[in-house]
Amino acid sequence: MPTNCAAAGCATTYNKHINISFHRFPLDPKRRKEWVRLVRRKNFVPGKHTFLCSKHFEASCFDLTGQTRRLKMDAVPTIFDFCTHIKSMKLKSQNLLKKSNSCTPTGPSNLKSNINSQQVLLEHSYAFRNPMEAKKRIIKLEKEIASLRRKMKTCLQKERRATRRWIKATCLVKNLEANNILPKGTSEHILPTALSSLPLEDFKILEQDQQDKTLPIL
């Protein structure tokens, strides 16, 4: 009983549930030599139990008159996928080369490449070598955060002082207009539109709020 196909790169195995037939190499020396040539396997010598599956024969090669599918006397195998076999051989050779390269002794060039790869890993690594290095990094980051908080606090204080000055100046201009010391409409020319459109009472409330914020807490 055949077990597998002798063609290079063919993985077909015998299975009674699959409609694939297996055919023994012919006994006639001339036809047998022709089959061996078409198979194109190096140093290949077929034996008594060497078979080719029906995938490698054209439909015209079969005699279907009986219950069993048989090959005609002049049938020769002509359907082969040698590209797949060549690709698998190339992959095997590449794997062998990789293994041989991994077993070669370490020379100066290999040492240099290993050092370069280690430097790249260190530059792009986010892990620390030891806990002391991690602690130093954390302390440095905490100092940077404290410095940024001080800068932010200073900026907020400057913003509040500038706001108070704007409110005081607006109240002064509005009071001068109300007492007819400045002509009407002066605030519209010297103050921004958002400030000049607000009534004087609102600015007095804002000024009082700013003063309350600056009072010391007892």
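The values are calculated or read from the model by the stated rules, or taken from the named source; none is laboratory data. Please read all numbers here as calculations on a predicted model, not as lab measurements. A quick note on method: Cβ atoms are made from the backbone with ideal geometry, for glycine too, and the neighbour counts reach across all protein chains shown. Heavy atoms of the whole protein, side chains included, go into the accessibility calculation; ligands, DNA and RNA do not. Shrake-Rupley method; radii C 1.70, N 1.55, O 1.52, S 1.80 Å.
Quick query: amide H of Leu71 versus all other amide H atoms, modeled in the peptide plane; which residues come in under 5 Å with a sequence gap of 5 or more or a different chain?
For Leu71, the qualifying residues are Asp63.
About its Cα centre, how strong a charge dipole does segment 1-62 have in debye, to the nearest 20, once Lys and Arg get +1 and Asp and Glu get -1 at the Cβ?
Magnitude of the dipole: close to 260 debye.
Give the shape of segment 2-72 as rounded, prolate or oblate, defined through the alpha-carbon gyration tensor: a ≥ b ≥ c are the square roots of its eigenvalues, a/c under 1.5 means rounded, and otherwise the shape is prolate if a/b is larger than b/c and oblate if not. Can you show the working numbers first?
Values: a/c = 1.87, a/b = 1.28, b/c = 1.47.
Oblate shape, in that a/c is at least 1.5 and b/c is the bigger or equal ratio.
Specify which residue in the list Leu182, Ile139, Ala169 is farthest towards the positive end of the charge dipole of segment 131-201, using unit charges on the beta carbon of Lys, Arg (+1) and Asp, Glu (-1), about the Cα centre.
Working it through, the farthest residue towards the positive pole turns out to be Ile139.
Any of Lys16/Lys42; Lys48/Lys72; Lys16/Lys55; Lys158/Lys184 with alpha carbons more than 21 Å apart? Name them for me.
Details: Lys16/Lys42 30 Å; Lys48/Lys72 19 Å; Lys16/Lys55 15 Å; Lys158/Lys184 32 Å.
Going by Cα-Cα distance, Lys16/Lys42; Lys158/Lys184 fall outside the 21 Å limit.
Go through segment 142-153 residue by residue and turn each phi into a ³J(HN,Hα) via Karplus (6.51, -1.76, 1.60, θ = phi - 60°); whole Hz please, and just put x for glycine and proline.
My calculation for segment 142-153 gives 5, 5, 5, 5, 4, 5, 5, 5, 4, 5, 5, 4 Hz in order.
Give me the 1.4 Å probe accessible area per residue for segment 131-201, excluding ligands and nucleic acids, in Å². Walk me through the numbers on the way to the answer.
Numbers: 5750 Å² over 71 residues.
Accessible area per residue, segment 131-201: 81 Å².
Please give the charge dipole size of segment 131-201, origin at the Cα centre, charges +1 on K and R Cβ atoms and -1 on D and E Cβ atoms. Round to the nearest 20 debye. Could you put the intermediate results ahead of the total?
Working: 17 positive and 7 negative charges, 149 e Å.
Dipole about the Cα centre, nearest 20: 720 debye.
Along its three principal axes, how long is segment 131-201 when you only count alpha carbons? Whole Å, largest extent first please.
73, 17, 17
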